Amino acid sequence: MYTATIASSRYAFPDLKTLLAKASPARSGDQLAGVAAASGEERVAAQYALADVPLASVLEQPVIPYESDEVTRLIVDTHDRAAFGEIAHLTVGGLRDWLLSDAPTAQKLAALARGITPEMAAAVAKISGLKDLMVMAAKCLVVTRFRDTIGLPGRLSVRLQPNHPTDDLRAIAASILDGLLLGAGDAVIGINPATDSTERAHALLGMLDEVRAKLDIPTQTCVLAHVTTTLALIAKGAPGRPRVPVDRGERGRQQELQASISRSSPRRARRRSRSSAAPSATT
């Protein structure tokens with residue numbers, strides 16, 4: 001049980017999962033799912049309570065049970081206890097304060113990364129403002145190179161996300177051009193589709209690849225989808241997929257992975273947000 005008092009009102013949160021949900025910024029999706037805070041005051045109370053939670057407690061309470069979730073098992077089984085030892089004495093708020101101090105360097109954060117779980121990183125983000133996240137991100141050094149180079153010191157890259165409520169291709173293409181004119185999209189042009197189907201994702205990937213190629217844009221494109229949808233798109237040879245030689249052993253491992261995920265239920269093969277020790281300098 002976690003509690004916090006704001007003015008004369010006392011708020012209680014039964015478990016860490018509920019606390020994390022209530023501490024999140026207001027989102028329509030959370031409201032539709034019935035997990036959002038009922039008011040701004042309750043959200044602040046949840047953030048106060050979350051700040052006092054020890055990191056060791058976050059580690060010991062996976063949001064999704066270890067026994068029923070493959071992703072949770074992967075996170076727990078590969079967690080670096082030695083790296084975590086450097087911050088094990090801190091609370092969520094203490095980690096936030098440390099990340100905002102002059103102590104962390106790019107080298108220290110890289111060494112610490114495997115000791116921080118996605119839940120810890122998410123918890124810190126939920127009690128941090130946008131400027132806090134920018135300060136934290138500036139301490140990281142994550143350089144990636146594909147069609148362009150992202151993450152160099154002193155540079156800012158921007159994602160362009162031209163979503164549309166009905167996934168209309170023409171409307172999305174118009175939004176892409178609008179965003180490009182504003183200087184956005186050099187990090188990636190990525191779409192969160194309204195529906196998760198192989199056919200729709202394939203059409204969106206084709207449109208993105210056509211726009212990028214016709215305008216010769218040095219950027220990356222992506223369509224977010226369930227992992228099983230993504231594997232189906234790869235098998236179909238969807239536009240934008242990696243075109244690199246694959247040896248027979250690697251191909252066998254990929255087929256093994258695809259078969260394993262296909263056997264899993266959609267719930268166990270769910271999509272999970274990418275997290276790291278601290279926000280990347282590219283976002």
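Every number in this text was worked out from the coordinates using simple rules, so none of it is lab data. These numbers come from a predicted model, not from an experiment. Positions of Cβ are generated from backbone atoms using ideal geometry, with glycine treated the same way; all protein chains shown enter the neighbour counts.
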Original post:
Given R₀ = 22 Å, FRET efficiency for F146-L169 by Cβ-Cβ distance, to 0.05?
Top reply: 0.35
Original post:
If you place +1 on the Cβ of every Lys and Arg and -1 on the Cβ of every Asp and Glu, how big does the dipole about the Cα centre of the stretch 1-124 come out, in debye to the nearest 20?
Top reply: 220
Original post:
Among all the aspartates and glutamates, which ones have a C-alpha under 15 Å from K214's C-alpha, if same-chain residues fewer than 8 places away are not counted?
Top reply: none
Subject >> For T221, distant residues with modelled amide H under 5 Å away >> reply: I189
Original post:
Which trypsin sites (Lys or Arg not before Pro) in the stretch 1-78 pass both tests, a DSSP loop state and at most 14 other beta-carbon atoms within 10 Å?
Top reply: R27
Original post:
When we measure straight from the Cα of K17, which lysines land under 28 angstrom away, once same-chain ones fewer than 8 places off are left out?
Top reply: K126, K131
Original post:
What ³J(HN,Hα) values, in whole Hz, does the Karplus curve 6.51 cos²θ - 1.76 cosθ + 1.60 give for the stretch 200-213 when θ = phi - 60°, with x put for Gly and Pro?
Top reply: 5, 4, 4, 5, 5, 5, x, 5, 4, 5, 5, 4, 4, 5
Subject >> Student exercise, the stretch 112-154 dipole from Lys, Arg, Asp, Glu Cβ charges, in Debye to nearest 20 >> reply: 100
Subject >> Prolate/oblate/rounded label for the stretch 2-138 (Cα gyration tensor, a/c 1.5) >> reply: oblate
Original post:
How big is the equivalent ellipsoid of the stretch 146-243 along its three axes, where each semi-axis is √(5λ) from the Cα gyration tensor, reported in whole Å from largest to smallest?
Top reply: 22, 16, 12
Original post:
How large is ³J(HN,Hα) for each residue in the stretch 60-66, as worked out from phi by the Karplus curve 6.51 cos²θ - 1.76 cosθ + 1.60 (θ = phi - 60°), to whole Hz, x for Gly and Pro?
Top reply: 7, 10, x, 4, 10, x, 4
Original post:
Counting only residues 5 or more places away or on other chains, whose amide H sits under 5 Å from the amide H of V142 once H atoms are built in the peptide plane?
Top reply: A281
Subject >> Sequence-distant residues sharing a close amide H with T91 (under 5 Å, placed H) >> reply: L55
**OP:** Sort 181-194, 102-115 for me by packing, meaning the mean count of neighbouring Cβ atoms within 10 Å per residue, highest on top.
**Re:** 181-194, 102-115
Original post:
Fewest first, what order do E199, E42, E70 take by the number of other Cβ atoms within 10 Å?
Top reply: E199, E70, E42
**OP:** Report, ordered by chain and residue number, the aspartates and glutamates lying within cross-link reach of K108, taken as a straight Cα distance under 13 Å and ignoring same-chain residues fewer than 8 apart.
**Re:** E86
